[in-house]
Amino acid sequence: MNILQFGEVDLYEEDKEYEGSISFDNTTIQLCLSIEEEPDIESLRSIEKYLKCLRVHLYEAYYLLIQDFQFDLEPNTVREYMEHHISEFPDTVLLELFDTLTIDVRTFFSEIVVKSITFNPDYSDSFVVIDMKLPDKYTDYTLVCEFDSEFELDSIEIES
């Protein structure tokens, strides 16, 4: 099966990773398709459809992050990520990054970029993993959003 961003995907090969990239809002997002067992054709078609509607899915991911912050959902991962960076950055960095010292959640997330998306067709609870973060020059910490095979948010974590 051919998926535009990954090329020809071997339906009979196990333990294989396919890499690609896609442009989104003036940034390049790294893509990975990680297959451990013979891939299910329906899962691959689902990934192909996801990529065709990427803009919608990424806007939804941003929306879910902001919702997580606004509703102060446990374990408060998004709030922790934002507050950590605002408290750790000196004012000069805050001004450079946000053009203001009064930073609300929308201002903060306007600078969050998607770095990579990994597709795991073998795992229904981490079918799509989106890594988002502030620009690399400011932090090593990443917000990792895992979506299940129905593209529903499963978890949000911070990784470094």
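Structure notes:
- The HN-Hα couplings worked out from phi for the range 51-62 by the Karplus form 6.51 cos²θ - 1.76 cosθ + 1.60 (θ = phi - 60°) are 5, 5, 10, 4, 4, 4, 5, 6, 4, 5, 4, 4 Hz, whole numbers, x standing for Gly and Pro.
- Qualifying chymotrypsin sites (Phe, Trp or Tyr not before Pro) in the range 1-49, DSSP loop, other Cβ atoms within 10 Å at most 16: Tyr12
- Look at the alpha carbon pairs under 8 Å that are at least 6 residues apart: their mean separation over the length of the range 48-117 gives a relative contact order of 23 percent.
- Across the range 96-111, coupling constants 3J(HN,Hα) worked out from phi with the 6.51/-1.76/1.60 Karplus curve, θ = phi - 60°, read 5, 7, 10, 6, 7, 9, 9, 10, 9, 4, 5, 4, 4, 6, 5, 9 Hz, and Gly and Pro carry x.
- Converting phi to 3J(HN,Hα) with the Karplus coefficients 6.51, -1.76 and 1.60 and the offset θ = phi - 60°, the range 140-147 yields 9, 7, 10, 8, 10, 10, 10, 10 Hz in sequence order, with x at every glycine or proline.
- Only lysines eight or more places from Lys137 in sequence, or on another chain, were considered; those with a Cα closer than 22 Å are Lys115.
- Dipole magnitude for the chain: computed about the Cα centre from +1 point charges on Lys and Arg Cβ and -1 point charges on Asp and Glu Cβ, it is near 880 debye.
- For Asp154, residues with placed amide H under 5 Å, excluding near neighbours: Glu146, Phe147, Asp148
- Loop chymotrypsin sites (Phe, Trp or Tyr not before Pro), the range 45-137 (other Cβ atoms within 10 Å of the site Cβ: 11 or fewer; DSSP): Phe71
- Computed over the alpha carbons of the chain, Rg followed by Dmax gives 16.9, 54 Å.
- Cα-based reach from Lys133 at 17 Å (exclusive), listing aspartates and glutamates while leaving out same-chain residues under 8 positions away: Asp25, Glu60, Asp68, Glu80, Glu83, Glu88, Glu96, Asp104, Glu111, Glu146, Glu157, Glu159
- The range 4-160: relative contact order as a whole-number percent, Cα under 8 Å and 6+ apart: 18 percent
- The GluC sites (Glu not before Pro) found in the range 67-133 that occupy coil by DSSP, while having at most 16 further C-beta atoms within 10 Å, are Glu111.
Throughout, read-outs are computed from the coordinates displayed, never taken from laboratory work. None of the values given here were measured: they were computed from a predicted structure. Note that we place each Cβ from the backbone using ideal geometry, even for glycine, and neighbour counts take in every protein chain shown.
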